[in-house]
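To start, the structure itself, in structure tokens.
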Amino acid sequence: MSNFNQQNLDSLGASASRAAAYLDACDEGAKDVRLDPTYYLACGNLLKQIFSLLDAYNEFPRLLEHSAAARDVAESITIGYKIETSRLGFYPELSVLMNRAAA
């Protein structure tokens with residue numbers, strides 16, 4: 001699926017783990033973590049970008065097992081793909097309208 005070598009995957013995995021850990025800590029109300037809205041958003045965007053490039057279920061199963069934030073992002077990407085496929089296949093008029101609105 002991708003041209004990433006093991007070192008790239010390990011690096012992306014470490015970044016995803018750190019981002020997910022921060023999101024989870026904030027979401028759980030950890031007292032030792034200061035909520036920084038900009039950093040929180042950046043961590044969410046980072047997970048979204050990594051999981052959009054790679055199949056999170058195949059590449060990072062342990063992360064998904066241990067992190068609610070990582071699971072949420074992976075599930076939302078999967079749902080987004082399904083909606084996009086359905087929209088293009090079953091609702092072409094809606095697809096045209098949404099593309100016009102986005103422009």
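Quick one: would you say TYR57 is aromatic (Phe, Trp, Tyr) and out of contact with any helix residue (DSSP H, G or I) (no Cβ under 8 Å at 6 or more places or on another chain)? When the stated conditions are applied, TYR57 does not pass them.
Considering each residue of region 49-71 in turn, at least one proves to be among the charged types (D, E, K, R), under 13 Å from ALA16 (Cα atoms) and in contact with an Asp or Glu (Cβ under 9 Å, 6 or more places away or on another chain).
Given (1) in a helix (DSSP H, G or I); (2) hydrophobic (A, V, I, L, M, F, W, C); (3) surrounded by fewer than 14 Cβ atoms within 10 Å (Cβ to Cβ), where does ALA30 come up short, assuming only one miss? Every listed condition holds for ALA30 apart from (1).
For region 49-70, a tally of residues being more than 21 Å from ASN3 (Cα to Cα) and out of contact with any Leu (no Cβ under 9 Å at 6 or more places or on another chain) returns 5. Scanning region 12-43 for residues that are under 16 Å from the mean Cα position of the chain (by Cα) and of a type in the set (Ser, Thr, Tyr) turns up SER15, SER17, TYR22, TYR39, TYR40.
Checked across region 33-42, the condition of being in contact (Cβ under 8 Å) with a residue 24 or more places away in the chain and part of a helix (DSSP H, G or I) holds for no residue.
Of the set (1) surrounded by fewer than 18 Cβ atoms within 10 Å (Cβ to Cβ); (2) under 24 Å from ASN5 (Cα atoms); (3) within 8 Å of the chain's Cα centre (by Cα), all apply to LEU46 but (1).
Might you check whether a residue that is acidic (Asp, Glu), assigned to a helix (DSSP H, G or I) and surrounded by 13 or more Cβ atoms within 10 Å (Cβ to Cβ) occurs anywhere in region 78-86? Looking through region 78-86, none of the residues is acidic (Asp, Glu), assigned to a helix (DSSP H, G or I) and surrounded by 13 or more Cβ atoms within 10 Å (Cβ to Cβ). The single residue among LEU94, LEU64 that is surrounded by 11 or more Cβ atoms within 10 Å (Cβ to Cβ) and in contact with a Phe, Trp or Tyr (Cβ under 9 Å, 6 or more places away or on another chain) turns out to be LEU64.
Read-outs: derived from the displayed coordinates by stated rules, not from any lab. This one's a predicted model, so the numbers in the text were calculated from it and none came from an experiment. Here Cβ is always computed from backbone atoms with ideal geometry, including for glycine, and neighbour counts include all displayed protein chains.
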